[in-house]
There are 2 protein chains.
Amino acid sequence: MDAETFRALGHQLVDWVAEYWERVESLPVRSELAPGDVSAMLPESAPEEPEDWSAILSDLERVIVPGTTHWQHPGFFAYFPANVSGPSVLGELVSAGLGAQGMLWQTSPAMTELETRVLDWMAQLLGLSPAFRSDAPGGMGGGVIQGTASEATLVSMLAARSRHDVPLAKLRVYASEQTHSSAVKAAMIAGLATGPDDDRQVRQIPVDEQFRMRPEALAAAIRSDREAGAVPIWVCATVGTTGTCAVDPVSAVADVIASEAPDAWLHVDGAFAGVLALCPEHRHLFEGVDRADSVVVNAHKWLLTNFDCSLFWSRDRASLLRALSITPEYLRNAATESGSVIDYRDWQIPLGRRFRSMKLWFVLRHYGASGLRTFLRQHIALAGDFAARVDAHPGLERVAPVHTSLVCFRAVEGNEASRALLEAVNASGEVYLTHTTVPDGRGGQHFVLRLAIGGVRTTAAHVDLAWARIVASLRR
Amino acid sequence: MDAETFRALGHQLVDWVAEYWERVESLPVRSELAPGDVSAMLPESAPEEPEDWSAILSDLERVIVPGTTHWQHPGFFAYFPANVSGPSVLGELVSAGLGAQGMLWQTSPAMTELETRVLDWMAQLLGLSPAFRSDAPGGMGGGVIQGTASEATLVSMLAARSRHDVPLAKLRVYASEQTHSSAVKAAMIAGLATGPDDDRQVRQIPVDEQFRMRPEALAAAIRSDREAGAVPIWVCATVGTTGTCAVDPVSAVADVIASEAPDAWLHVDGAFAGVLALCPEHRHLFEGVDRADSVVVNAHKWLLTNFDCSLFWSRDRASLLRALSITPEYLRNAATESGSVIDYRDWQIPLGRRFRSMKLWFVLRHYGASGLRTFLRQHIALAGDFAARVDAHPGLERVAPVHTSLVCFRAVEGNEASRALLEAVNASGEVYLTHTTVPDGRGGQHFVLRLAIGGVRTTAAHVDLAWARIVASLRR
C-alpha cells in the first residue's frame, strides 16, 4: 500500500472511529445476531486477488458493526468496563506503525525504558511502596505491562513456585471463593490442578457476609496443609473482586502469611479497582498492599487505556527471572550481559511484546493525573446515586457494599424474578448488565445483577435510563 | 478528548506514521542510545495536569525515534522480520476504536466468528488438512489467534498434558537442540522443568549436519523413557528453526510418534517459515504437517500483519478445552451453554482478547492471496541471490541450506573473525544482522551471522548494500 493510499484510508478510518463513538449510543448495546449469523455473511475462502477498499469498508458496516457488542456504548454496564479513549487509540496507532519488538532492551531501548518509567509513575500515583519501583534500593523491584491480569496472576504464581525446591505435588496455593477464575486457571497451567474442580492443591478460602476472604479460615487452611507436610507458596488477595467488588482484608492476610507461611508469595489482584488508589479518599481500600510481593492493576478496564494494558509490579524481580528467564544464543547481546538493562521477556509468558506503554504515556499526559481522578470520581458518584435508589426501592435489595463503581442487587422476590429482570432490562438494547451469584447465607446462592459504571460516554442520563428500565421491568 | 480533537490528531498521527515509513531508511537501523539514555529524557513523575499535544508529539521525535531499533527499516535483517503494512495498521486502528472484548462469543460475536473464518481461510491457503478447520467433521478442529508462538506452544503442551492422568513428574516432552527456547520455557511454566538446564523431563534431541532433528535419536529417547516408566506426551517439530531455518523431518517424526508413543501430541512450529506454505513450490517443506495435532504459523513475522497475530490450529479441540476451560458464574451465558459457539478464552492463556482478526482480514483482502505470494517470493529470490554470493566468496562460508529467506554464514577465518565482521557491519547503522551458534561438527560451536530478509521496504538494493558492507568489513 503506497503512502498516499495509507494517508487517505487512515484519515477515513480515524473519522470512522470518531463517528462510531458519536453514534454508538444509537446502536443496540448487545449484538442482536444469533450464532452463525456473522459467518453466514463471510465468504468461504479468502480472496485470490486484491479487493477494493470500498468493499472492505462496507463490510465493516454490514458485518462487523451489527455483530459487535458495543463495549464503548454508554449503556454498557456489563462485566467490567473496557474503556477506550482518543489518546489511547492514538498511542496504539503509533505503536503499530513503529512495529518494533520489545522482547529485549536491545531490540528497542525506548520501548523498555518508557515502560519502566511509566510504571514507576503509576506506582507513585497509586501510592505503592517504593519497593515496587525500578529505582528501589537493591534493584529488586519494578513494573511491567502484561497483556492481562490473568497473565500477571500466572506470572506471580510461577515466581512464587520458583522460590521452592520441592516436588510440585507438595505445593499449595490459596485464594478466596470469590477470587477471579484466573487464579485457578493459573494453577491448572502451572501444574497445580488438573481442572477447575481439582482442589487438592488449590484451596478456596471461604468468605464473610461481605464476600471478603476470611483470614482465620486462611490461617486454618495453611496450618492444616503445613501439618500435613505441604508447602504453602502463594496467596491471592483481591481488592475489588469480579463478582461484587469485595475487598479482601489485605493487612490481615499479610499477617496470616507472616505468621503461618513467611515464604509464601502474596499477590494482590486489583485488576478493576486498583486504579481507585489514584484518589486519596479511596486509598484506604488498599491498606496492606505494600506488604504484597506483587500487585496487578489494569489500565485497560477503567483508566481510559484500550486493552491490553495490565500493570504488574513485583518487589522480587529475582524470582520472576528464575521462573521465566531463558537465553538462547540468538538472543544474547552485550546490553543483556552487562546487567544494566531490563529484558522484559523474562518478566512475562510470551517472548515478543508490543509497545504498550505508548498508549498509557499518551493517556497520562493528555489527561494528567488530575483528569484521571476526575474521571474515576464521576463514576463513583453515579454508582453512589444508583445504590441509594436501589436501597430506597422496596422491590430491590443491594447484596454487597459499594466500594467502587459496581452496584450489585437483586429482586427481593427471588432468583427467578432477578433472572427475569436481567433479561427484560437487556432486551431493551439500550443498556446491558450481567450477573453473578453469591452465597445467600443459607447454603444456597443468590442470583445477582451487576451494574458496573465506567464507560467514557456514560453520564447520569444513562444511569437514569438503566434505572428506569429496571423499575419498569420489575415484576409487580 | 472531543471528536474534533481526535480527528485532527488522528490525521496528524496517520501522517506521522506514513512519514515515518518514508524516512525510516534515513535513520540508523539500530538505536544508538546507551542504557539509561531514554530514561534520562523522561520526567521522574507523571504530569499532574494535562499537557499539550505539541509537547507529546515533540517527545515522540526527541525520545522515542532515537531510542527505537527500527524493525521497519529496509536494512533490518536481524532476528526475524516483524513486518507491518498499511492495511494491518488500519485494522489495528479499527480494532482499538471498537474496543470490544472477545473472551466469549457472547461478548462480541463478530470478533469470534470473523476469527474462526479467517483462520479457516488461512488453513485452506496453507494447504493444511481439513481436520484443522472449524468445519471439520466431528467439530474437533479449528484455529485461533494467539498473541505469540510462545503462547501457542505452551497451549499445545498443556493440551497434550491434559490427555494423561498421571503424576507430572512422569511426563516427558521432546524438542530438538535447535527448537525455539519457548518450548523449554513452556515446560518451565507447565511444571515440567525448574529452569532452562533442567533436562529431567525435557529431552533435547540431537540434530544432523543440517540442524534437523534426528528421528532415530527421538525414537531412542522415547523408547528409553518408556522403558524407565515415563510417559512421552509432546513432541515439537519445527519447520524453519530460529537459528538457521532448519526443517525437521515432520513425517519421520510423526512415524516415530505413531510407533513409539501414539498418545503423544505432535506440535509443529512454523512460526517464521509456515507462511511459505502459501506458495505451492515451497509446500514440500511442510510434508507431514497434516499428521500433527497442532500447528503454529505467525502472521506477524513475514505476512504483513503487525504483531501480535500468531495463528494456531489444532485438530483436538477437546484437549484444549480440558486444559484451559473454566467458567465462573459471571461468565455463564445462554450462547455458551447451547454449545453452538466458540468461546476463545478456552483456547488461550489469558481471559481477555483483542479483535486481532480484523488486521489479518484487512491484509488478506487488500493484497489477496496472490499478492501475499508475490511478497514472499521476492524475499526468497533475494535470499537465493545473496546465498549465491556467499558461496562464491572465498572468505565466507554458508553454514546451512537456504529453505526460506534466511541465510546463515560465517567468515572462514573463524569465530573471532565472524564476530568482528558482525560488529563492523552493524556499526554502519545502515544494516542490522544478528547471530547464532551452531555445532561445528567437531564438538565446538560456529559463530554464525544471520541475514533474514522480510522487510516490507527491503529491495535488492538493500541486500546489495548489506553485501557491500559485509565484503568491505571482512578482515583480509
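Quick check on the range A:94-206: take the gyration tensor over C-alpha atoms, sort the square-rooted eigenvalues as a ≥ b ≥ c, and tell me if it's rounded (a/c under 1.5), prolate or oblate. The shape class here is prolate. Modelled spin-label separation between B:D208 and B:A169, with each label point placed 7 Å from Cα along the Cα-to-Cβ direction: 3.8 nm. Radius of gyration over Kirkwood radius for the range B:173-312, both on Cα atoms: the Rg/Rh ratio is 0.96. In percent, rounded to a whole number, the relative contact order of the range B:410-476 is 35, using alpha-carbon pairs under 8 Å and six or more apart.
For the range B:401-414, the Karplus equation 6.51 cos²θ - 1.76 cosθ + 1.60, evaluated at θ = phi - 60°, returns couplings of x, 9, 9, 10, 9, 9, 10, 10, 8, 8, 7, 4, 5, x Hz by residue, with Gly and Pro reported as x. Which residue, B:L126, B:A175, B:G139, has the largest displacement toward the positive end of the dipole of the range B:100-354 when charges sit on each Cβ (Lys, Arg +1; Asp, Glu -1)? It is B:G139.
Explain nothing, just the number: relative contact order of chain B, from Cα pairs under 8 Å at least 6 residues apart, as a whole percent. Relative contact order here is 21 percent. About its Cα centre, the range B:100-354 has a charge dipole of approximately 360 debye under the convention of +1 per Lys or Arg Cβ and -1 per Asp or Glu Cβ, with nothing else charged.
Peptide B:186-195 has a mean of 5 when you count, residue by residue, the C-beta atoms of other protein chains within 10 Å of its C-beta.
Mean separation of Cα pairs under 8 Å and 6 or more residues apart, divided by the residue count, gives the range A:311-459 a relative contact order of 15 percent.
In chain A, what percentage of the DSSP-assigned beta bridges are antiparallel, given to the nearest 5? Roughly 60 percent of the DSSP beta bridges within chain A come out antiparallel.
Among the residues of A:437-444, the average count of other protein chain beta-carbon atoms within 10 Å of the residue beta-carbon is 1. Bridge orientation summary for the range B:100-354: considering DSSP beta bridges with both residues in this region, about 45 percent are antiparallel. Comparing B:A219, B:S314, B:I189 along the charge dipole axis of the range B:100-354, the residue lying farthest to the positive side is B:I189, per the Cβ-charge model. From helices alone, chain B scores -12500 deg cm²/dmol at 222 nm; the rule is -39500 (n - 2.57) for each run of n ≥ 4 DSSP H residues, then divide by the residue total.
Neighbour counts of C-beta atoms inside 10 Å place B:L119, B:L98 in the sequence B:L119, B:L98, starting with the fewest. Cα-based values for the range B:100-354, radius of gyration first and Dmax second, are 17.6, 56 Å.
Backbone amide hydrogens, once placed in the peptide plane, bring A:Q445 within less than 5 Å of A:D440, excluding anything fewer than 5 places away on its chain. Using a ≥ b ≥ c from the Cα gyration tensor of chain A (square roots of the eigenvalues), is it rounded, prolate or oblate, where a/c under 1.5 gives rounded and otherwise the larger of a/b and b/c decides, a/b for prolate? Oblate, because a/c is 1.5 or more while a/b does not exceed b/c. Residue-wise HN-Hα couplings along the range B:444-453, as the Karplus relation 6.51 cos²θ - 1.76 cosθ + 1.60 with θ = phi - 60° gives them from phi, are x, 10, 8, 7, 10, 8, 10, 10, 9, 9 Hz; Gly and Pro carry x.
Between A:E216 and A:A3, the FRET efficiency estimated from the beta carbon spacing at R0 = 60 angstrom works out to 0.35.
Taken about its Cα centre, chain B carries a charge dipole of roughly 1200 debye when the Cβ of each Lys and Arg holds +1 and the Cβ of each Asp and Glu holds -1. Taking other C-beta atoms within 10 Å as the exposure proxy, B:T436, B:T242 rank B:T436, B:T242 from fewest upward. Working note: Karplus 6.51/-1.76/1.60 with θ = phi - 60° gives the range A:295-300 the couplings 9, 10, 9, 8, 6, 8 Hz, where Gly and Pro are set to x. For an R0 of 30 angstrom, estimate the FRET efficiency from the Cβ-Cβ distance between B:R475 and B:A381 and round to the nearest 0.05. It comes to 0.50. Scanning chain A for DSSP H helices at least 30 Å long along the axis (C-alpha atoms) with a Kyte-Doolittle mean no lower than 0.0 picks out A:357-392.
Annotation: amide H of B:N333 has no partner in the under-5 Å range at sequence separation 5 or more or interchain, hydrogens built in the peptide plane.
The distance separating the Cα centre of the range B:292-318 from that of the range B:1-46 comes to 30 Å. Among B:H435, B:V425, B:T241, whose Cα projects farthest towards the positive end of the dipole of chain B, with charges put on the beta-carbon of Lys, Arg (+1) and Asp, Glu (-1)? Value: B:T241.
Secondary structure note: in the protein assembly as shown, about 60% of the DSSP beta bridges are antiparallel.
Dimensions of the protein assembly as shown based on its C-alpha atoms, expressed as ranges along the principal axes with the largest first, amount to 90, 65, 59 Å.
Put simply, the amide H of A:V399, placed in the peptide plane, has neighbours under 5 Å in A:C408, A:F409, A:R410, leaving out anything fewer than 5 places away on its chain. In terms of surrounding Cβ atoms within a 10 Å radius of their Cβ, A:R23, B:R117, B:R214, B:R283 rank from fewest to most as A:R23, B:R283, B:R214, B:R117.
Here the protein assembly as shown is assigned +1 on the Cβ of each Lys and Arg and -1 on the Cβ of each Asp and Glu. Its dipole about the Cα centre then comes out at about 1080 debye.
Readers should treat all values here as calculations from the given coordinates under stated rules, not as data from a laboratory. Just so we're clear, the structure is a prediction, and the values are computed from it rather than from any experiment. As a convention, Cβ positions derive from the backbone with ideal geometry for all residues, glycine included, and neighbour counts pool all protein chains shown.
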